[in-house]
Amino acid sequence: MTAVVRTVNLVKIYQDGAVPVPAVRGVDLQVEPGEFVAIMGPSGSGKSTLVHMLGGLDARTSGEIWLDGKRADTLSESAWALLRRKKIGFVFQFFNLVANMTVGDNVELPALLAGASPKVARNRRESLLAALNLTDRADAAPAQLSGGEQQRVALARALANEPALLLADEPTGNLDSRNTRDVLRLLGDVHKKGQTIVMVTHDARVAALADRVVSLFDGEIVDDGRITRRRTRTAGEVIDLR
Amino acid sequence: MRLHLLALLAKEPAHGYELKQELEQTFGSAYPSPNIGQIYVTLGRLEKDGLVRAVDVEQSNRPNKKVYYLTAKGRELLEIWVDEPTEGPRVRDEFFMKLVLAPLTGIADRMALITRQRRHYLSLMSDLNDLLSRTPPADRVATLLIEGAMLHLQADLDWLERCQEELA
């Protein structure tokens, strides 16, 4: 099976005036189809930079990025844009919806851009909005929605072109507990259906849904492991009511 | 458990098994079910201290059961418990002590300790996710208990990250 993502000695160095600032320092990461990988680490550890590079939103300094078995780091910006439309869905902390388009059109656009026929794109829009419980919000403007609803729209949009890879950067970072729970449930559902996910998060509840957690520190991977289920039966094992 | 039982008895007199059931119904499956033996031992001590009193109630075909009720002294103690501020969450410092002291002896390095601890917390969190998904939202006390456990764990993980930034 071809890995959905493979990086080889991936490096990113930002130039702050004359001072080079290394953000990612030699990351080798492989993500298999259907895997849900959470990326954790303190701020400044390179998490967001890594995920942005995987989506071609940030150019790598050196090293290789392979997506679905094809070399991607050497692509031109326009070739990256094409690859993103076809293969990658992106969810950000601040939703980034197109403000002057309706919710429904926000969701439909990526499929059209990826080359789907209008009919297919429309069907996909309807089924995603229904799955995310947003059908009655289809004609609203994004600004009329709550943060949690906007993030659900962003997730629907990211999934509209049936991407091989869903990239997420702190998708619950701006949500309250209840909305976090809704977005989590959705992520869990699409993962169960086989969606490959790479997600940066600070939120341990979110990370704990993943199959695997990669910890970054100072731009390097310091831990990479599966989450073991212990089958704790009660919350009392964590907090002690005396 | 002494004060929890006093609080339940302040509502109405009850026998030991009823108290066990009431605790289970209130806190739900998220909390370990209280041991009946422990409840009887605690009730015995409360009685000895004059905080509760028991009356024997005859039952047909079965041995008498003891029904407990709160005394004035018991109610007074309960009121003090309710009125005083509750001790804050204790810092679970066993890992922190390990993190600070173990590397000094040369038997462990901090990064390895932090990594192992993070995995442990994440697997606990994953269990709590499962537990929460199995708990009906209508069961609000149990849901809040699990959410509380999750927030405590998140704080532990944030602290771990700070330790990593400063010490590793």
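Enumerate the helices (runs of 4 or more DSSP H) found wholly within segment A:147-229, keeping only those where 2 or more residues are polar (S, T, N, Q). Filter on segment A:147-229 gives A:147-159, A:177-192.
For the structure I just gave you, tell me whether residue B:132 is away from chain A (no Cβ under 14 Å) and either in a helix (DSSP H, G or I) or polar (S, T, N, Q) (or both). Considered against the rule, which asks whether it is away from chain A (no Cβ under 14 Å) and either in a helix (DSSP H, G or I) or polar (S, T, N, Q) (or both), residue B:132 comes out as no.
Scan segment A:172-222 for residues that are closer than 17 Å to residue A:42 by Cβ and over 13 Å from the mean Cα position of the chain (by Cα) and report the count.
Of all residues in segment A:172-222, those closer than 17 Å to residue A:42 by Cβ come to A:173, A:199-204, A:206-207, A:213-222.
So of that shortlist, the ones also over 13 Å from the mean Cα position of the chain (by Cα) come out as A:202-204, A:213-222.
Residues that pass the stated criteria total 13.
I'm checking my understanding of the structure. Among residues of segment A:34-81 that are among the charged types (D, E, K, R) and crowded, with 17+ Cβ neighbours inside 10 Å, which one is farthest from residue A:193 (Cα to Cα)? Ranking the candidates gives A:60 first.
Right, residue B:162: more than 7 Å from chain A (Cβ to nearest Cβ) and either at pLDDT below 90 or under 19 Å from residue A:214 (Cα atoms) (or both) or not? Walk me through it before giving the result.
Working: more than 7 Å from chain A (Cβ to nearest Cβ): yes; either at pLDDT below 90 or under 19 Å from residue A:214 (Cα atoms) (or both): yes.
Yes: the conditions hold for residue B:162.
Listed conditions (1) within 26 Å of residue A:211 (Cα to Cα); (2) aliphatic (A, V, I, L, M); (3) at pLDDT below 90 are all met by residue B:104, apart from (1).
Out of the residues in segment B:135-150 that are in a helix (DSSP H, G or I), in contact with a Ser or Thr (Cβ under 9 Å, 6 or more places away or on another chain) and surrounded by fewer than 20 Cβ atoms within 10 Å (Cβ to Cβ), which is nearest to the other protein chains (Cβ to nearest Cβ)? Restricting to residues being in a helix (DSSP H, G or I), in contact with a Ser or Thr (Cβ under 9 Å, 6 or more places away or on another chain) and surrounded by fewer than 20 Cβ atoms within 10 Å (Cβ to Cβ), the top hit is B:147. Please work out if residue B:108 is within 8 Å of chain A (Cβ to nearest Cβ), touching a helix residue (DSSP H, G or I) at 6+ places or on another chain (Cβ under 7 Å) and small (Gly, Ala, Ser). No. So, in segment A:53-72, of the ones that are touching a Phe, Trp or Tyr at 6+ places or on another chain (Cβ under 9 Å) and at pLDDT 95 or above, which residue ends up farthest from residue A:161 (Cα to Cα)? By that ranking, first place goes to A:61.
State which residue is farthest from residue A:154 (Cα to Cα) when the search covers only segment A:82-130 and only residues that are among the small types (Gly, Ala, Ser) and buried (at least 16 other Cβ atoms within 10 Å of the Cβ). Filtering first and then ranking leaves A:116.
The values are calculated or read from the model by the stated rules, or taken from the named source; none is laboratory data. Bear in mind the structure is a predicted one, so any value in this text is a computation, not a measurement. When we count neighbours, we look across all protein chains shown, and the Cβ atoms used for this are built from the backbone with ideal geometry, even at glycine.
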